[in-house]
Amino acid sequence: MEGSSNTTITCLPDEIISLILKNNEPQEIIRFSVTCKQFYENVINNDYLWKIKYSEIVPKEIVKVVEEHCNSNWLKELIQYYKLKRKNYIELVSMSPKYYWRINEVSLEDLRMFFSFATETNLSFFYTIYILQNIVKKGNDYLDNFTIKRPLYTLTVVYYAKIVLRHLIQTYLAIKWVELHMRQKLTPEVVITFFLQWVDPTCIYSDEEVENKIQTLVTKVKGFLRNVYSKKNREKDIEKYSDKQILLALSHIIYKSENFCISPSTKVNTLNISKVIDESNGNTITYAVIYQAVAKRLGVKCELIAFPNHLFLEWQDTDEPNKPLYTVDLNTGDIKPKRQCPFSQSANSRYEYFPDSLLQYVYSSYMKSKGAIRDCKTQNAIHLLDFLETRQINHNPYKNFLPYLVEHINPAITTSLNMKYVQVQKHRSSVKYAVGMICYHKIYNYMCIVRGWEFNGAHLRIPIDDNLYFGREQPFYRVIAGDQSERFVAQENLMAVTTPFRIHRLEDHIAREFTHFNGFSYVPNSEKIIEYPNEQQVTEVFRRRFVNVAIP
């Protein structure tokens, strides 16, 4: 039309541009901002836009902290997060070349760079934890789909990320435990959540979420009391109930209305209070904690007593003349008179709640349920004994823990020479199988993953699985079996698995050496390839042979 002018994006109101940009990634928004001065001013000073992008990246808990305690310069916080993310990525990827050759596992002293990153600002610790947790989660997603995204999302890097998480979170938790202990605020729900945070640092277990879930049960119990007892007394607003009425209502809500199921095993899921309340499936420990917590918020003193192999809920009825003691059946919710304990002086003996005892009881129950399974979670749990100083060992990493933290704020720590001698193993024609392959023991009938081999058993220093064949001219393979035991096996007793599959329960043990499972075998990482440089060619020969085999 005559007289009309061309309309460009620069004519759009700033609000419309913000609505368009919020659907883009932060990097794309920055690129857009440098196209002209007008857009630069609009983007750089647009707190509304950067708050949206910041809230999409970090957890809502951190967003709340920034809103309450910072100046809310959202772009500045976002830039700080990305800088910290890059530092953590670079340091994580560099860990395998530095520590692969070490005999012992990575220690607290080796992670001083991560502690330095995590203490740069008030929010750096939370950022660092969240970044590492995301690496573990995304890495597991890639590995579950038999894909790999180098250099970050490999078994090896995920393995080191778990170790860094362990030390960072356990340091924080150790200080938290001491502080809450001194203030006598280690309630049972705090203790059980502390245990989950300690053994499973790759997930977030929020104390606030636990409190919210407990409050939902408190509300339900109050509603039940009004509906039942108020009708009997023909009054609608009775707010005062006896302790026994409250406990009976609580038992009804948990064991009948909510249909809570008792799980015999003590696992992360059955100890997670929030998850148990949502799904009505938990361990007796969790139900005891939930029961005590709700009763306390309703004004009833119900003690949770823990011994090394025994746990119970105790309540004293002060309304009766003799003030008898009762226990709550954790399987049914029934309130029963307390029987005399064979170790007590009398039937009315009273015990007190002690957080350390409960923590040790949860630990022992958890380890019994895990049985022979060894993984990162069980290793984290074992460190809990060191923290509680129940293991008398010379190298306890938590001995004099707080003085250690004070002394080593910014240390220039020198580590002792702790290396292993590495001999490059070039594949010979006599070595039939390759590192990373999944094999089957012909005699003892177990699956295993090959972690290494020698031409003969001359240099072996541990018991050999096939000692009858020791000394023959044949290779011996260092394997990890399905039961998580390490063995040396003679070649003549192994056969390759024609349809191999991923063995999840062994991956925490081999993650230091392999990047991922590619659908046929585990792929050695860069450090493992230095030791065994020709393995992938051998594996490829087997893969082609078995893939082309017609299975009847």
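The values are calculated or read from the model by the stated rules, or taken from the named source; none is laboratory data. Predicted, not measured: the structure shown is a model, and the values here were computed from it. With ideal geometry, Cβ positions are generated from the backbone for all residues, glycine too; neighbour counts draw on all protein chains shown. The accessibility values were calculated without ligands, DNA or RNA, using every heavy atom of the protein model including side chains. Shrake-Rupley method; radii C 1.70, N 1.55, O 1.52, S 1.80 Å.
How large is ³J(HN,Hα), in whole Hz, for each residue of the stretch 281-296 in order, when computed from phi with the Karplus curve 6.51 cos²θ - 1.76 cosθ + 1.60 and θ = phi - 60°, using x for Gly and Pro?
Using θ = phi - 60°, the values come out as 8, x, 7, 4, 4, 5, 5, 4, 5, 4, 4, 5, 5, 5, 4, 4 Hz.
Heavy-atom accessible area of D483 with all protein chains present, probe 1.4 Å, nearest 10 Å²?
Surface open to solvent at D483 totals about 90 Å².
Would you list, by chain and number, the lysines whose Cα falls below 23 Å from the Cα of K377, excluding same-chain residues fewer than 8 positions away?
The reachable lysines, counting only those whose Cα sits under 23 Å from K377, are K137, K138, K162, K176, K267, K275, K368, K399.
For S357, what accessible surface area do you get with a 1.4 Å probe? Give it in Å², rounded to 10.
Counting only protein heavy atoms, S357 exposes about 40 Å² to solvent.
Going through the stretch 77-121, which GluC sites (Glu not before Pro) have at most 12 other Cβ atoms within 10 Å and a DSSP loop state? Intermediate results must be reported in sequence, preceding the final value.
Details: sites: E77, E91, E105, E109, E120; in loops: E105, E120.
Here the GluC sites (Glu not before Pro) that fit, given the DSSP loop and packing criteria, are E105.
In debye to the nearest 20, how big a dipole does the stretch 33-91 give about its Cα centre with +1 on each Lys and Arg Cβ and -1 on each Asp and Glu Cβ? Please report the intermediate quantities before stating the final value.
On the way: 10 positive and 8 negative charges, 49 e Å.
Magnitude of the dipole: close to 240 debye.
Based on Cβ point charges of +1 for Lys and Arg and -1 for Asp and Glu, what charge dipole magnitude is obtained for the stretch 111-224 about its Cα centre, in debye rounded to the nearest 20? Could you put the intermediate results ahead of the total?
Numbers: 13 positive and 10 negative charges, 28 e Å.
Around 140 debye, computed over the stretch 111-224.
Exactly which chymotrypsin sites (Phe, Trp or Tyr not before Pro) in the stretch 79-133 are in a DSSP loop and have at most 11 other Cβ atoms within 10 Å?
Numbers: sites: Y81, Y82, Y89, Y99, Y100, W101, F114, F115, F117, F125, F126, Y127, Y130; in loops: Y100, W101.
Sparse-neighbourhood loop chymotrypsin sites (Phe, Trp or Tyr not before Pro): none present.
Can you list residues from other chains, or at least 5 along the same chain, whose modelled amide H is less than 5 Å from the amide H of G282?
Amide H neighbours of G282, under 5 Å, 5+ apart: C261, S263.
Given Cα pairs under 8 Å that are at least 6 residues apart, what percent is the relative contact order of the stretch 1-129? Walk me through the intermediate numbers first.
Details: 64 pairs, mean separation 22.1, N = 129.
Here the relative contact order equals 17 percent.
How many angstrom separate the Cα center of the stretch 95-161 from the Cα center of the stretch 10-65?
Taking the Cα centre of the stretch 10-65 as reference, the centre of the stretch 95-161 is 30 Å away.
Once amide H atoms are built 1.01 Å from N in the peptide plane, which residues 5 or more positions from L325, or in another chain, come under 5 Å H to H?
K338
In whole Å, what are the extents of the stretch 151-262 along the principal axes defined by its C-alpha atoms, from largest to smallest?
Per principal axis, max minus min of the Cα coordinates gives 70, 34, 22 Å.
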